[in-house]
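Since the structure comes first, as structure tokens, the remarks are kept for the end.
The values are calculated or read from the model by the stated rules, or taken from the named source; none is laboratory data. Just so it is clear, the structure is predicted and the values come from calculations on it, not from any experiment. FYI the Cβ positions are ideal-geometry reconstructions off the backbone, even for glycines, and counts take in every protein chain you see.
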Amino acid sequence: MKKFLASILTAAIAFSCGAGIILTTDTADAKPAKTKDAKDTKDTKKKAPALNDVLGDLKWGMSSDKTKKLLSEKIMNDFSSKIEGNTDLQYVDNLRKTHSDRVENMQKSYQMLTRDNSASLSVSIVGEEFIPDAGEAMLIQREDIASKYYFFLNDKLYKVAVVYDSAYLGPIAFDTFVATTAQKYGPAKEEVWDDDANFTEAIWTDKTDVKLTVKNKYTSYNTFLMVFTDDAVEKQLQSKHKEYFAALNSGPEVSSAIDDLTADSTDNAGSSVDALLGKTTKVDLLAGLSQEDIDVINGVTTKEELEKKKKEKAKKERKKDTRKAKQGLEIF
């Protein structure tokens with residue numbers, strides 16, 4: 001009996017050890033399974049929408065009639081979505097009138113851009129987006145938070161300009177607006193600074209046929225301008241537009257006035273001053289100027305180098321700025 005019990009105990013120990021070996025081997029070879037909470041960074045990273053998504057059903061090169069038709073449908077579809085499930089008849093009727101008026105006003109707004117009929121537009125926020133008498137036309141669509149200007153060249157859609165209502169934006173800095181736009185479309189590809197080192201534009205491009213330029217118009221219009229353009233047409237028209245507005249904002253009378261102000265004083269002029277004051281007078285023409293401007297006049301540095309330094313300084317200051325994107329702001 002003792003031998004029998006011993007043999008059973010020995011078999012049990014051997015079985016246990018063997019099972020342990022099997023388990024140990026399987027566990028070592030097994031790979032840990034991903035838990036439900038594990039996240040693939042590639043899947044969770046938010047992909048920026050394509051710039052041409054802003055067009056929706058519209059296409060570059062589309063005629064004004066086709067554009068009107070699609071915009072009318074979009075406005076009324078917006079009305080339908082807003083009243084879904086609403087049983088307030090008064091609210092529904094008021095909203096229907098609002099959207100019907102938008103359709104009517106949009107269709108009536110179409111106009112060829114000539115010198116005779118675009119004088120008021122020329123001094124508006126979109127004044128530098130077209131050239132009169134150059135085959136361009138425009139259509140305006142009002143929305144809840146902005147107005148959209150659709151531009152046509154030879155009756156082919158090539159540009160959409162979005163002007164936000166200043167009341168919707170509130171007191172927002174251009175840096176903040178650019179940062180908010182970057183949250184949707186990713187970092188801007190290019191930044192534009194004026195001669196006084198003011199941040200004036202941010203530019204986006206991607207693999208689509210759309211170029212987005214966000215323009216700082218806050219000083220004059222208390223708002224900003226987003227301009228989506230057909231990149232190919234934009235490249236063709238860009239130099240033409242720049243030349244037109246450069247010529248428009250300059251002229252012989254301006255140059256003449258500047259020459260008169262900066263011309264050297266003659267001996268006779270100095271004698272006149274002396275006669276009035278009764279003594280020999282030395283006039284310091286550099287009084288009141290900054291040291292940077294004096295250095296340019298004296299040839300210590302050039303105007304181009306001075307402007308470059310100003311821009312670099314402004315960019316450094318902007319990088320120090322800790323302002324965040326404005327949450328809840330709808331970006332087209």
| request: Report yes if M76 is in contact with a strand residue (DSSP E or B) (Cβ under 6 Å, 6 or more places away or on another chain) and without any contact (Cβ under 8 Å) to a residue 40 or more places away in the chain, otherwise no. | output: no
| request: Give the residue that is farthest from A137 (Cα to Cα), with candidates limited to residues of segment 37-96 that are at pLDDT below 90 and hydrophobic (A, V, I, L, M, F, W, C). | output: A38
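Does segment 144-180 hold any residues that are of a type in the set (G, A, S) and in a loop (DSSP other than H, G, I, E, B), and which are they? Don't jump to the end; show me each part of the working.
In the first step, residues of segment 144-180 are kept if they are of a type in the set (G, A, S); the result is 146-147, 161, 166-167, 170, 173, 179.
Passing the criteria: G170, A173.
Can you give me the number of residues within segment 282-314 that are assigned to a helix (DSSP H, G or I) and either at pLDDT below 65 or of a type in the set (A, V, I, L, M, F, W, C) (or both)?
Initially, segment 282-314 is screened for residues assigned to a helix (DSSP H, G or I), giving 291-297, 303-314.
If we keep only those that are either at pLDDT below 65 or of a type in the set (A, V, I, L, M, F, W, C) (or both) as well, we get 294, 296-297, 306, 314.
Qualifying residue count for the region: 5.
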